[in-house]
Amino acid sequence: MSKKRDDKQKNTKLWIYLVSLVVLVILLVGLSIFYLNNKDKEDETTLAYTDLIKEISYGNIEKIEMTVGSTTVKVKQKNVEEEKTSIVPDTESFIGLVQEKVAEGNEIELVQKQKNILTQIPSYIVSFLPTIIMLALFIMIFKMQGLGEKGKVYDDTERKTKVKFDDVAGLDEEKEELVEIVEFLKKPEKFTRMGAKIPKGVLLYGKPGTGKTLIAKAIAGEADVPFISMSGSEFIEMFAGLGASRVRKLFEKARKLAPCIVFIDEIDAIGSRRSSNSGAETENNQTLNQLLVEMDGFSSEETIIVLAATNRPEMLDKALLRPGRFDRQITIPTPDLKGRLEILKIHSADKRISDDVNLESIAEDTAGFTGAELANILNEAAIIATKNKHEDIENNDIEEAVKKVTVGLEKRTRVYSEKDKKLTAYHEAGHAVVSRYLPTQTDVKEVSIIPRGVAGGYTMYKSDEDKYYISKTEMQEKLIALLGGRAAEKLVLDDISTGASNDIEVATKIARDMVTKYGMSDTLGPIDFQGKEPYEMQMFGEDIGDKIGQEVKKLIDTAYCDAISLLQQHRDKLDSIAETLLAKEKINEEDFKKFFN
Ligand code: ADP
Ligand code: MG
Ligand code: ZN
């Protein structure tokens, strides 16, 4: 939530700068036009200085009007209606000259005026505007870079968070582990008296949206200490050398506010393994080194606990994990069934939820969803319910929200040709029929050829119960189900389309993981080939890449052949489902089952 607020602040600031820039530019253009116009007028009626002197000595000048600080004078000649202007090189000697003439008996009226703001400003502004604009630009860039001393870095720092452990659903064991940290922050003496060292750093591992920031805030909230946060990516966005100085400032601030929590989000951005020597890397190293220096530096009297979050633990520099640094690591998992239910409960508490809503069944349908996604679903459901003019959020609003979040918004208005429609119908029917005959695959929940998001159609499966392990057979069958769409296109229309690109992408990734991560290929065996440095790969021999490619291809080819033969075997089902889709656009779980009775 604070991220959103930060973004908002960033945006408003940006807007203010943009608007002021636009105003400045308009001013520049307007004023220069004004100024140039004035210039033009002057040009028509100027009197050269030498002519002016001549005219004065002939006694032809009636009145001279001077402005303090300006070399431009207005003169009125006798018998000439129009006033003229003239540039006087040296005003003082000019005044002396005129006064002399007056003393000689010439009747010249000499008027000295104060600066006329209106006529003076344009020339000033015109000459200064480029500088002003440059300055504005610089300030803008600096602010965006986060250089502003009191800028976004410390924006929500002094504020204490109100988040409590109760606001974090599920994660009971993780909370239990962190209660200790809360105790440390509340009563450090209690522990130091015993000779216990207060932990300095806790690393939270977990996918985005699993609640890492939330739980970090909850620790600060429970301990009632300030929460100082910064994101790793903010450190490296900046000009060279500034990352380290910002780390220093962050900890200066922390020392002043201690006891407190320092939260570094996306720590992988600064703490990634120090390997190469590119410019960006060196910059990161300085930042990382500074962070290490700071963490090693504070004594046990300063109760500062550094929490850091990342979803890529394997990227982290090992130096970060040494004792006295981030020596505690807590994995924040994606919520299980119970966790999802609790998250749904927390986020529906402030919403009008109808009695027919069954949060349990929604929790069941959303295996693999993170807390952030679940919160998002309930929010979308509230919006959909409003659009549907429902009294409260109904079950179908939530179901629609789930689909919206997973596949995208239904686009009934998108026109597509009969040919496309047929292709989509067979593609989706292909997925559905194939998976129906694969024992490990979950039941089909809905098949539709109504476009949603970027997809032309979709086949939704019932959600898996939470599983810890996936077997090789299950993965192989998943590949077959994924390729069922492409197989049906080929089989029925004898042509293939781009509609299968996402299926192919997912299938390829699964096949690659099977070979390189889960050791499921017989030829290559149980070896982890993923995320290895080039030198590590060398120990497997030069042609290992080729072998991996061959194995991946074999898995995909086999799956594709299986999909084709399954569809050939059940061609009648494929045809009737595709035809029903063409007629009705959507088939639900019950109707789908009827095809197979
Ligand atoms: P992360 O930092 O891991 O990316 P966040 O802590 O920013 O995730 O979570 C984003 C939002 O998702 C939270 O503000 C909260 O609304 C919701 N959320 C995530 N996990 C939970 C949870 N366990 N309990 C309640 N809400 C959660
Ligand atoms: Mg976060
Ligand atoms: Zn598909």
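Table for the structure above
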{"quantity": "Where N is the number of residues in region 418-594, Cα Rg divided by 2.2 N^0.38 Å", "calculated": "1.13"}
{"quantity": "Sorted by Cβ density within 10 Å, fewest first, the residues VAL407, VAL552, VAL515", "calculated": "VAL407, VAL552, VAL515"}
{"quantity": "Mean separation of Cα contacts under 8 Å (6+ apart) over length of region 328-477, as relative contact order %", "calculated": "21"}
{"quantity": "Tilt relative to the chain, helix 371-387 - C-alpha long axis, 0 to 90 degrees, to 10", "calculated": "80"}
{"quantity": "Qualifying aspartates and glutamates (Cα of each under 12 Å from Cα of LYS113; at least 8 residues distant if same chain)", "calculated": "GLU65"}
{"quantity": "Ranked packing of 205-218, 470-483, most packed first, by mean Cβ within 10 Å", "calculated": "205-218, 470-483"}
{"quantity": "Vicinal HN-Hα couplings computed from phi for region 78-87 (Karplus, 6.51 cos²θ - 1.76 cosθ + 1.60; Hz; Gly/Pro x)", "calculated": "5, 6, 10, 5, 7, 7, 10, 10, 8, 9"}
{"quantity": "Residue order, fewest to most beta carbons within 10 Å, for LEU129, LEU135", "calculated": "LEU135, LEU129"}
{"quantity": "Expected 222 nm ellipticity per residue - DSSP helices of 4 or more, -39500 (n - 2.57), all of the chain, to 500", "calculated": "-17500 deg cm²/dmol"}
{"quantity": "Proximal charge balance of ILE64 [Cβ under 12 Å; K/R count +1, D/E count -1]", "calculated": "0"}
{"quantity": "Flagged links, alpha-carbon separation over 22 Å, of LYS212/LYS345; LYS404/LYS467; LYS212/LYS509; LYS422/LYS584; LYS445/LYS586", "calculated": "LYS404/LYS467; LYS212/LYS509"}
{"quantity": "Most positive-pole-ward Cα, GLY457, THR498, THR210, against dipole of the chain from beta carbon charges", "calculated": "THR210"}
{"quantity": "Point-charge dipole on Cβ atoms (K/R +1, D/E -1) for the chain, about Cα centre, debye to 20", "calculated": "760"}
{"quantity": "Cα-based helix-to-principal-axis angle, 418-436 vs the chain, degrees rounded to 10", "calculated": "50"}
{"quantity": "C-alpha long axis of helix 571-584 to longest principal axis of the chain, angle in °", "calculated": "40"}
{"quantity": "Relative contact order computed over region 445-597 (Cα-Cα under 8 Å; 6+ residues apart), in percent", "calculated": "31"}
{"quantity": "Cα→Cβ-extended label distance, 7 Å offset, between SER501 and ASP350, nm", "calculated": "3.9"}
{"quantity": "Region 433-538, Cα convex hull volume normalised per residue, Å³", "calculated": "160"}
{"quantity": "Percentage relative contact order, region 337-406, counting C-alpha pairs under 8 Å, at least six apart", "calculated": "38"}
{"quantity": "Part-to-part distance (alpha-carbon centres) for region 186-223 and region 292-330, which is given in Å", "calculated": "12"}
{"quantity": "Ranked VAL23, VAL402, VAL168, criterion: other C-beta atoms within 10 Å, fewest first", "calculated": "VAL23, VAL402, VAL168"}
{"quantity": "Rotationally averaged projected area of the chain (alpha carbon convex hull; nm²)", "calculated": "45.2"}
{"quantity": "Within region 337-406: Cβ-based charge dipole about Cα centre, in debye rounded to nearest 20 (Lys, Arg +1; Asp, Glu -1)", "calculated": "240"}
{"quantity": "Length gained when the stretch ASP167-PHE540 is fully extended (0.36 nm per residue, less Cα-Cα span)", "calculated": "129.4 nm"}
{"quantity": "Cα gyration tensor, region 350-412 - rounded (a/c under 1.5), prolate or oblate", "calculated": "oblate"}
{"quantity": "Antiparallel content of DSSP bridges confined to the chain, in %, to 5", "calculated": "45"}
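Read the figures in this text as sums done on the coordinates, not as results from a lab. Bear in mind the structure is a predicted one, so any value in this text is a computation, not a measurement. A quick note on method: Cβ atoms are made from the backbone with ideal geometry, for glycine too, and the neighbour counts reach across all protein chains shown.
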